[in-house]
1. Being under 16 Å from the mean Cα position of the chain (by Cα) and under 25 Å from residue 65 (Cβ atoms) is the filter here; which residues of segment 88-103 pass it?
2. Filter segment 47-65 down to residues that are over 14 Å from the mean Cα position of the chain (by Cα) and touching a residue at least 40 places away in the same chain (Cβ under 8 Å) and give me whichever is surrounded by the most Cβ atoms within 10 Å (Cβ to Cβ).
3. Of everything in segment 1-46, what is in a strand (DSSP E or B), within 12 Å of the chain's Cα centre (by Cα) and under 30 Å from residue 111 (Cα atoms)? Give them in sequence order.
4. Can you pull out the residues in segment 70-112 that are in a loop (DSSP other than H, G, I, E, B) and either in contact (Cβ under 8 Å) with a residue 60 or more places away in the chain or closer than 20 Å to residue 43 by Cβ (or both)?
């Protein structure tokens, strides 16, 4: 198991049917540069293939809830952020967000 950040912002966006290619392009051009600036590299970025379709799952790591609040507040204040929000609004059908915490298993300590 990874010794990465202890708090993960786990987001699931449901994209309108046939809108995934456009969403990925918009996110890559308008959101990702700003996300990288304030949030750092994502822990992971995935697209559903089996089960619920048209979903993007992205994971962002934080040291604490305070770190999460500070970084997202800074990102939201970036004057270029609204361009992404506007460009993606018609593509996103639903959003889910949760904070998940790492679990430390003693039996897996040898894998670190």
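Bear in mind that the values in this text are calculations on the coordinates, not laboratory data. Quick caveat, the model's predicted, so the values are computed rather than measured. FYI the Cβ positions are ideal-geometry reconstructions off the backbone, even for glycines, and counts take in every protein chain you see.
1. Listed by number, the residues that qualify are 92, 94, 95, 96, 97, 98, 99, 100, 101.
2. So the residue we want is 54.
3. Looking only at segment 1-46, we keep the residues that are in a strand (DSSP E or B), and these are 7-15, 44-46.
Cutting the leftovers down to within 12 Å of the chain's Cα centre (by Cα) gives us 8-13, 44-46.
Residues satisfying the conditions are 8, 9, 10, 11, 12, 44, 45, 46.
4. 90, 91, 102, 103, 104, 105, 112
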